[in-house]
Structures are given as C-alpha cells and as structure tokens.
Amino acid sequence: MDVIQTLLRAAQKAAQEAYAPYSGYKVGSAIMTTEGRIFTGCNVENASYSLTLCAERLAIFKAVSEGYQKFTGIAIYAETDKPFPPCGACRQVLAEFSPDLQIIYANQKGQQITTLTELLPHSFTLDS
Ligand code: THU
C-alpha cells in the first residue's frame with residue numbers, strides 16, 4: 001500500500017473516535033513525520049462550541065508533543081457529501097511546522113491532493 005493510502009486509512013480509522021454530537025461531522029486526520037511515523041487525531045467538540053478542536057490540529061499537536069516537528073503529508077477524512085480541505089486555523093498551524101506539506105482530503109467516494117502552499121499562500125510568520 002502506498003503512503004497516501006496508508007495515511008488515508010489511518011485518518012478514516014481516527015474519524016471513528018470523533019466526538020461530534022453538535023455538528024454530526026466526524027473528522028479524522030493522520031499526519032506523517034519525515035521519519036515515517038504517523039500521528040492521528042479526530043475532532044473533539046464541546047457544548048461551548050468555540051472550544052472545539054479540529055482533527056488536523058489534534059494530530060499535529062500530538063506529534064509535536066512527542067518531539068516531531070517536520071512532516072511530509074497529512075490526510076483528512078470525513079463522510080461528507082464533498083471532501084473538504086483543512087480550515088483556515090488548521091492551515092496556519094500546519095504552516096508553522098511544514099509550509100509545503102502535502103494535503104490529501106477524502107470522503108467515502110474519492111480523494112483530492114494539494115499542498116499547503118497552494119491552500120495558504122503568503123502565510124503569516126514572524127520573519128516575513
Ligand atoms: N472540522 C475539522 O475537524 N477539521 C476541519 O478542517 C474543519 C472542521 C470539524 C470541527 C467541527 O467539529 C466540525 O468539523 C464541523 O465544523
């Protein structure tokens with residue numbers, strides 16, 4: 001199985017753990033480090049809606065908290081009508097660590113591939 005399919009499978013599995021009683025969107029994510037390790041995350045909602053954490057940020061924060069800061073790709077999976085790319089907040093967090101990350105987003109019907117540079121050109125950094 002190639003890397004993309006491996007990441008997608010991990011994201012799909014992670015989506016099963018999503019806590020999404022308010023939106024009903026169960027999202028899973030899987031990020032790969034340059035060393036080939038995979039960290040997963042799911043969205044975790046809260047009754048105080050704005051405290052919700054997206055799947056992508058949970059995945060990258062788990063990786064960073066374990067000592068990994070460089071990534072090659074991230075997959076996002078949700079069983080929505082159309083697959084969706086990371087939200088703006090997640091794009092900014094991903095850009096902090098790997099501005100040229102490969103991004104695969106998918107649903108049960110298909111997948112799209114892009115890069116973070118394409119989704120977030122001219123991202124904010126303190127040295128820009
Ligand atoms: N969500 C994610 O997990 N990732 C995104 O990139 C967009 C949105 C979650 C947050 C919330 O639990 C639900 O999807 C609906 O916005």
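The values are calculated or read from the model by the stated rules, or taken from the named source; none is laboratory data. From a predicted model like this one, the values you see are computed outputs, not experimental measurements. FYI the Cβ positions are ideal-geometry reconstructions off the backbone, even for glycines, and counts take in every protein chain you see. For the accessible areas, the whole protein counts, side chains as well, though only heavy atoms, and no ligand, DNA or RNA atoms are used. Shrake-Rupley method; radii C 1.70, N 1.55, O 1.52, S 1.80 Å.
When residues in region 59-78 are screened for being buried (at least 21 other Cβ atoms within 10 Å of the Cβ), free of Cβ contacts under 8 Å to residues at least 60 places away in the same chain and under 11 Å from the mean Cα position of the chain (by Cα), 2 of them pass. Anything in region 9-44 that is in contact with a Lys or Arg (Cβ under 8 Å, 6 or more places away or on another chain), among the polar types (S, T, N, Q) and assigned to a strand (DSSP E or B)? List them, or say none. Thr33, Thr40, listed by residue number. Here Thr6 meets each of (1) part of a helix (DSSP H, G or I); (2) within 15 Å of the ligand (Cβ to nearest atom) with one exception, condition (2). A count restricted to region 60-92 and to residues that are within 17 Å of Ile103 (Cβ to Cβ), of a type in the set (Gly, Ala, Ser) and more than 10 Å from the ligand (Cβ to nearest atom) stands at 3. Somewhere in region 93-100, is a residue out of contact with any strand residue (DSSP E or B) (no Cβ under 6 Å at 6 or more places or on another chain), touching a residue at least 12 places away in the same chain (Cβ under 8 Å), within 18 Å of Ile4 (Cα to Cα) and of a type in the set (Gly, Ala, Ser)? So far as region 93-100 goes, no, none of its residues is out of contact with any strand residue (DSSP E or B) (no Cβ under 6 Å at 6 or more places or on another chain), touching a residue at least 12 places away in the same chain (Cβ under 8 Å), within 18 Å of Ile4 (Cα to Cα) and of a type in the set (Gly, Ala, Ser). Scanning region 9-27 for residues that are in contact (Cβ under 8 Å) with a residue 40 or more places away in the chain, within 12 Å of the ligand (Cβ to nearest atom) and either crowded, with 19+ Cβ neighbours inside 10 Å or of a type in the set (A, V, I, L, M, F, W, C) (or both) yields Ala11, Ala14, Ala15, Lys26, Val27. Within region 29-52, identify whether any single residue is open to solvent by 40 Å² or more (accessible area, probe 1.4 Å), closer than 22 Å to Lys82 by Cα, touching a residue at least 60 places away in the same chain (Cβ under 8 Å) and not hydroxyl-bearing (Ser, Thr, Tyr), and answer yes or no. No: zero hits. In the set (1) in contact with a helix residue (DSSP H, G or I) (Cβ under 7 Å, 6 or more places away or on another chain); (2) exposed (fewer than 14 other Cβ atoms within 10 Å of the Cβ), the condition left unmet by Asp81 is number (1).
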